[in-house]
Every structure is written in structure tokens, then in C-alpha cells.
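Engineer: Mind having a look at this structure? Questions to follow.
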Amino acid sequence: MNEADNSPGARSSDESSSAIGYLAMAGSALQAPIVELRQQIDALKLASASWAPEQRSHLAALATTGRQIDQVAHDLLHVARAYEGRGASVPGEDIDIATLVDSVFAELRPLADECLVTFQVYVPEAFPAVHSNEAALYAALYHLVLNAIMFNLPGGLVRVEALGEPSSITIHIMDTGTSIPQAEWETIFEAIRPHDSAVTGSHSRGLGLPIARRELAQVGGSVEVAQSGRAGTVLRIRIPTQFKDAETRLAEMQNDLESKHRQSLAYAYDLRQVYRRFRTLNSELENANQRLEETNRIKSNFLAIVSHELRSPFATLEMAIQLFARYGLEALLPEQRELYEQIAGGTHQARHMVDHLLKAADLLSRESELRPEPVDVAMLVQESAVAAMSLAEGRGLCLNVDSPHRLVVPAVDRQLVTDALWQLIDNALKFTPAPGDVLIRLSQVEGRVVIEVADTGPGIPLAQQGTLWAAFSQLIDPIQRGTEGFGLGLALVRLVALKHGGNVHLQSEPGKGSVFGFWLPLSGAGSDYALT
Amino acid sequence: MNTPKKILIVDDQPEVRELVLVTLEEGTYQLLTAENGDQALAMATRELPDLMLLDIQMPGGQLDGLQVCRQLKSSLPTRDIYIIMLTAKGQDWDRRLGHEAGADDYFVKPFSPLELMLKVDEVLQ
């Protein structure tokens, strides 16, 4: 701004200095008519002894208004003078607050006497040295005390109390005047504001409070209404004991900015490290996932191929056994016949397992899709029960069904669900000793179709239930499968449930039987469920 | 490993250049800086960076960011440089002007370093 006169900063400072000039002109131009006005009012006062009370009160109001106009004109002049010739930087000096308050009181004493208001001041002996700007503090205190006098009641009190702390001092200015509504606690410090008297009916407060606030801001201080009520009003001033001039503050701000910038660079650096690490981990994870997927694909392909390859020799074997039986077993010795039964049974079982393996491989492979259709699951349960009835009777078990008449699920794979249910029934019949009960239960619970098979068998200890469920997932790695006895049946049930977007469950206690079950979502098959 | 991708950072404020350098410095990229539009245009034409971060407002040179962008985008050898304009907060008009000048994207200052890293990785993938 030192040489370029047409820079924006210079222009706005020109504008504001000419505005201050106008302000000063307006202030001084107002003075003469105001003096005239007040003289006229004083003359009228002398003549008013014989007036009606109503007329006299009008005159009194006029006198008050006249004094307020006078005050506003003074304020204008003050503002103009305060800004004229004052640079951006306000100099600092050591100030004795008690002396400052005394000189403010001395200047305002005549007005206080006129308004029948008394002063009190309290500044502690050991008061911190205040390094600030005397002119600014004086102007602020002057206007605040003036305000406290003007809005006091006759016989009222204005008390100034100072409190010192190492880094700042607090000055309370208390009056016993009318209270300030809380809505106005901030607005009274604003220079431009809606006309007070129109809004609240109170007298205009002039420019004193905004001036005080501006002056205090110059030295890094503040003023606010601490409280206001029937007992009066307390204004709180805070002033830092170490005043910093504009240049010091600017330098500090620059330092602050500089260190913030350094800090943000450090954050950016950290962020970069974390981000790079994240990227690396992420791509490692992606690679690992790809490898895992590939491995899984190979596994299920292997499973499919092996089971498929096993199927035909077992089919041949079974066929041979059937043909063997057709030639008649009568010629065999009892021992041979026993061996034949074992061969036939074992082959049948092995074939069954290969079938399961094939199904599991099919379910595990990503390509396999469900063949969903609307199925009346109630009907399906009934049919399975009928098919199992003779088997149950043959083993001395009582088979019951608890099912609604009709329960249609919009999209399930009929064959898979039939297989799954048959597995549960078959297991229950196999492991429940006679005499016993097996119950097939179909129900609908909150958007789920639940199919359960309860038995009165020996039950399964809690510890084994865990490994039992774990065994299901071990199907993916059949070589490591630890749990024997249940075969692949339960694993198949779980795969069917998962493939439909459902799951399996088991409730069992030794000696109290077991309930194996699975549920399917009623809304339809969630065939996109990831099985890996 | 391919030759490192080149990124040209153009901003008159050293703080912004520094922040971008710290954010992207990794050996992964070759980072170049310019302080004004004239430097930016010369360097972009000579070095043919893959990506450019270009401040819109830069006092001190003859050219502002938009002019640099327009010139680079209208010349065949430099047309494919991916240009991200840097605009100050609250300048809505920048966006339209930047688009008209052919800019590929824009960041509003102050921008997040993470956002920058993600964007750069995305563009230079």
C-alpha cells in the first residue's frame, strides 16, 4: 500500500477516511442547533411553573430527548476524532487502572450529580501491571460508565470492580438501573440496529456501547452483558494485561500459520504412508482372493471329476452284485452268503456316498444354478413322510408330521429340498433306537420356512455339536474331514440351505433327543449366496 | 517397471506446491513444479507430463490457469495431458470456465491429500 495509490486497500482507506470526515462534519454541524434546542427547553422550564402537570411532563420528556440527541452528536464527534489520524497500530503503554477509573469518574461527576447517581470503585492493591492503550481503555470505560449513569434511576449506584489475573484483567461495571432484556444483550453493542424504542419502548442507547466495544477490540479486549435483572445490570470487560500491537499480532498469526502448514505437511506425509500401505495390502488381498478362488475352483472340479469317475465303477459293481443275486444265493455256504451281504451293503453305501459327493461338488461349483419353482413345501413334507413310513415301522419307530395343509414357497429347487429333508429323516431313523418317535415339523417364522426333524435318539453332547457343524464346512476339504458317522448327508443339507439363502440349525442334549433343521427364505431363493 | 509417470504442479503459492509434493512424493511419480502460467506452458510443452494440477488464479505471469489449459488442450502434442484445475473456494464460475477450457477435472482448495492421492492413482493407473 506504500506506493500504489490505486490499490483496493488504499481506496477503501480513502473512502473510510472521507466517511470519518463526514461523520465529524455531521457531529459538529449538529452541535449548534442542539445547543439552541437545549437553551429553548431551559427557557421553557422557567416558564413552566404555572403549567398543567401534563404539559410539564411533556416538557420533561422533551428535555430528556434533547439530552440524548446531544449525546449522540458527542458520540459521533468522538468516533470521528478517535479514527482520525489513528493508524492501523495502536501503541501500548503501562497503565494504572485505578487512576484511569478515577479520571473517568472525575469527568462524569457533574452528570452523575445531575442524575442523582453515586459512584463506587474497587481495585485491589496488588493489581497486575496492565500494558495496553490508555486512550482506548479510557474511551471504553468513559462510554460504559456514562451509559450506566444515563440508564440508572435517581438515587442509584454505579460501581466499578476490577479483578486481576496474570494474563488478563476483568472489570465489572454495575448499575442499579432498569434491566436490559436478554434478547438485547448482544444487539446493544451493535452500531447499526433496529430502532430500540420502537421495539422495546426503552430509550435509545446511543453509540456509547458500540464505541466501547470497538475501542476494547483495538487492544484485544471484550465487553459483554454479564447479567441484567431487577437489581440492575453488570457489564463485564476483559482486557489482556499484555497488549500486542497490530504488527506483533500479525507476526504471531504468520508464525501460527507457518506451524500449521508444517503440521499439515506432516499429516500429508503420514497419510501418504498409510495410503501406500493400504494400497499394497489391498492389492495383496486381491491377489490372495484370486488365488483362493482359483484353488476353490480346482477343488470343486477335482471333487466333481473324482466322484464322476467313481460313479461308473460302482454302478458296474452294483449291477454285478444284482446279477450275482439273480443266479441264486441258495448254492452259497452261509459264510459266503454273509460275505455277499457285506459286499452288497458296503457297495450300496459307497455308491450312496459317491452320489452325495457328486451333488456336493455340483452345489459347490459356482456355475451350478438352482432350478427354482413354486413349491408347496407342505405337500413335499407329506410325500416324504409317506415314503419314510414303512422304513420307520420296520425299525419300530413312530413317524409323525406337524405341518400346515399348504405352504407354497415361490422359488425353491424342489429336488434339492426333497433331498435335504430326506437326509434329515434318514439320519433320524438311523440313529433313533426303537421304540422311539420321529417328528417332521414344517412351520413359517417371520419370512422363513423352517423344516425340522425331531427325534428321541441319544442326543449329541454340546462339545460335539460344534465339531459337527465344523464338519460341514470341512466338506470343502474332504480329506481333512474329521467327524465320521453322519456321512455327507448333513453337509448336503447345509449346502442346500445356503444355496437358497437360508441356513441350518441343531438343538440337542444327551438323553433328550435332537432337532435337526434348516430354513429357507420365504421370499425366494438367494442363489447368489457365496459358498466359498 | 515402466518409466515413472510425470506430474506437473502449477501454483503460485509455495504452500500448495509443497503440500502436493509431500502428498505424492514416492518415487512412483516424477514431480515437476511451476509457479506461474508462462512457466507451466513452457514446461508442459517440453516435458509432456501425464497429469497436471493447474491453479486457476496466478498473479505474476502473463497467462492464468485457464489460458494455459486452453492452449494445452488445443495443441495436438499436449492435448492428452490430464488437467485438474485447482480453484479457490466459493468460485462457482470457475467450474464452468474450466470445463469450457477443456479441463478434465477440478479440485476446490483446500483439498484433501487423500482425495488427491486417490484421484492421481485413478488417472494414472
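Engineer: Under 30 Å from B:Val22 (Cα atoms) and among the basic types (Lys, Arg), is that true of A:Lys260?
Structural biologist: So A:Lys260 fits the description; yes.
Engineer: Still on this structure, please answer the following. Test A:Gly66 against the criterion of being within 29 Å of A:Gln242 (Cβ to Cβ), modelled with pLDDT under 85 and small (Gly, Ala, Ser), and give yes or no.
Structural biologist: Numbers: within 29 Å of A:Gln242 (Cβ to Cβ): no; modelled with pLDDT under 85: yes; small (Gly, Ala, Ser): yes.
Judged against the criteria, A:Gly66 is not a match.
Engineer: Return a yes/no flag: does region A:306-325 have any residue that is basic (Lys, Arg) and surrounded by 12 or more Cβ atoms within 10 Å (Cβ to Cβ).
Structural biologist: Yes: region A:306-325 contains one or more residues that are basic (Lys, Arg) and surrounded by 12 or more Cβ atoms within 10 Å (Cβ to Cβ).
Engineer: Here is a list: B:Gln125, B:Gln71. Which entry is among the polar types (S, T, N, Q) and within 14 Å of chain A (Cβ to nearest Cβ)?
Structural biologist: B:Gln125
Engineer: Can you tell me how many residues in region B:40-52 are crowded, with 19+ Cβ neighbours inside 10 Å and either farther than 17 Å from B:Glu115 by Cα or within 14 Å of chain A (Cβ to nearest Cβ) (or both)?
Structural biologist: Residues of region B:40-52 crowded, with 19+ Cβ neighbours inside 10 Å: B:40-41, B:44, B:49, B:51-52.
Checking which are either farther than 17 Å from B:Glu115 by Cα or within 14 Å of chain A (Cβ to nearest Cβ) (or both) leaves us with B:40-41, B:44, B:49.
Looking only at that region, the number is 4.
Engineer: What number of residues within region B:14-46 are over 13 Å from the mean Cα position of the chain (by Cα) and within 24 Å of B:Gln62 (Cβ to Cβ)?
Structural biologist: 6
Engineer: Only one of A:Ala251, A:Ala268, A:Ala288, A:Ala246 is under 30 Å from A:Ser167 (Cβ atoms) and free of Cβ contacts under 8 Å to residues at least 24 places away in the same chain. Can you tell me which?
Structural biologist: Result: A:Ala251 is the single residue among A:Ala251, A:Ala268, A:Ala288, A:Ala246 that is under 30 Å from A:Ser167 (Cβ atoms) and free of Cβ contacts under 8 Å to residues at least 24 places away in the same chain.
Engineer: Could you go through region A:294-305 and let me know if any residue there is over 25 Å from A:Met353 (Cβ atoms), of a type outside the set (A, V, I, L, M), at pLDDT below 90 and out of contact with any Ser or Thr (no Cβ under 8 Å at 6 or more places or on another chain).
Structural biologist: Yes, the conditions are met somewhere in region A:294-305.
Engineer: Looking at (1) surrounded by fewer than 16 Cβ atoms within 10 Å (Cβ to Cβ); (2) within 14 Å of chain A (Cβ to nearest Cβ), can you tell me which one B:Val120 breaks?
Structural biologist: Condition (1) is where B:Val120 drops out.
Engineer: State whether one or more residues within region A:118-141 are in contact with a Phe, Trp or Tyr (Cβ under 8 Å, 6 or more places away or on another chain), within 29 Å of A:Thr248 (Cα to Cα) and in a loop (DSSP other than H, G, I, E, B).
Structural biologist: yes
Engineer: Now a separate question. Only one residue in A:Val438, A:Val417 is of a type in the set (A, V, I, L, M), in contact with an Asp or Glu (Cβ under 6 Å, 6 or more places away or on another chain) and modelled with pLDDT of 90 or more. Which one?
Structural biologist: Exactly one of A:Val438, A:Val417 is of a type in the set (A, V, I, L, M), in contact with an Asp or Glu (Cβ under 6 Å, 6 or more places away or on another chain) and modelled with pLDDT of 90 or more, namely A:Val438.
Engineer: Also: So B:Leu66 ticks every box in (1) among the hydrophobic types (A, V, I, L, M, F, W, C); (2) part of a strand (DSSP E or B); (3) away from every other protein chain (no Cβ under 14 Å); (4) out of contact with any Pro (no Cβ under 8 Å at 6 or more places or on another chain) but one. Which box is left unticked?
Structural biologist: (2)
Engineer: I need a count of the residues in region A:332-360 that are at pLDDT below 85 and not in a helix (DSSP H, G or I).
Structural biologist: Of the residues in region A:332-360, 0 are at pLDDT below 85 and not in a helix (DSSP H, G or I).
Engineer: Considering A:Asp5, A:Asp42, which residue is at pLDDT below 80 and loosely packed, with under 13 Cβ neighbours inside 10 Å? Spell out how you get there, then give the answer.
Structural biologist: Working: A:Asp42 fails: at pLDDT below 80.
Of A:Asp5, A:Asp42, the one residue that is at pLDDT below 80 and loosely packed, with under 13 Cβ neighbours inside 10 Å is A:Asp5.
Residue-by-condition table, conditions (1) within 14 Å of chain B (Cβ to nearest Cβ); (2) over 34 Å from the mean Cα position of the chain (by Cα); (3) in a helix (DSSP H, G or I):
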| site | (1), (2), (3) |
| --- | --- |
| A:Thr233 | no, yes, no |
| A:Glu247 | no, yes, yes |
| A:Ala266 | yes, no, yes |
| A:Arg277 | yes, no, yes |
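Engineer: Out of region B:10-69, which residues are in contact with a Lys or Arg (Cβ under 7 Å, 6 or more places away or on another chain) and farther than 21 Å from B:Val108 by Cβ?
Structural biologist: Correct list: B:Glu26, B:Tyr29, B:Gln30, B:Leu32, B:Glu47, B:Pro49, B:Asp50.
Engineer: Right, here's the next one. Given the structure, is A:His261 surrounded by fewer than 17 Cβ atoms within 10 Å (Cβ to Cβ), touching a helix residue (DSSP H, G or I) at 6+ places or on another chain (Cβ under 9 Å) and within 14 Å of chain B (Cβ to nearest Cβ)?
Structural biologist: Spelling it out, A:His261 is indeed surrounded by fewer than 17 Cβ atoms within 10 Å (Cβ to Cβ), touching a helix residue (DSSP H, G or I) at 6+ places or on another chain (Cβ under 9 Å) and within 14 Å of chain B (Cβ to nearest Cβ).
Engineer: Any residue at all in region A:144-157 that is in contact with a Lys or Arg (Cβ under 8 Å, 6 or more places away or on another chain) and in a loop (DSSP other than H, G, I, E, B)?
Structural biologist: yes
Engineer: Can you name the residue in region B:8-36 that is outside any loop (DSSP other than H, G, I, E, B) and away from chain A (no Cβ under 14 Å) and, of all such residues, is surrounded by the fewest Cβ atoms within 10 Å (Cβ to Cβ)?
Structural biologist: If we take residues in region B:8-36 being outside any loop (DSSP other than H, G, I, E, B) and away from chain A (no Cβ under 14 Å), then B:Gln30 is surrounded by the fewest Cβ atoms within 10 Å (Cβ to Cβ).
Engineer: Hey, another quick one. Consider only pairs whose beta carbons are under 7 Å apart and that are at least six residues apart or on different chains; among these, list those whose first residue lies in region A:114-141 and is closer than 24 Å to A:Thr178 by Cβ and whose second residue is among the aromatic types (Phe, Trp, Tyr) and crowded, with 16+ Cβ neighbours inside 10 Å.
Structural biologist: A:Phe119/A:Phe105; A:Val121/A:Phe105
Engineer: Filter region A:427-456 down to residues that are buried (at least 17 other Cβ atoms within 10 Å of the Cβ) and acidic (Asp, Glu), then give me how many there are.
Structural biologist: Counting residues in region A:427-456 that are buried (at least 17 other Cβ atoms within 10 Å of the Cβ) and acidic (Asp, Glu) gives 2.
Engineer: Evaluate the following for B:Phe111: is it within 25 Å of B:Gln30 (Cβ to Cβ) and part of a loop (DSSP other than H, G, I, E, B)?
Structural biologist: When the stated conditions are applied, B:Phe111 passes them.
The values are calculated or read from the model by the stated rules, or taken from the named source; none is laboratory data. Remember, predicted model here, so these are calculated numbers, not experimental data. Note that each Cβ is placed from the backbone with ideal geometry, even for glycine, and that neighbours are counted across all protein chains shown.
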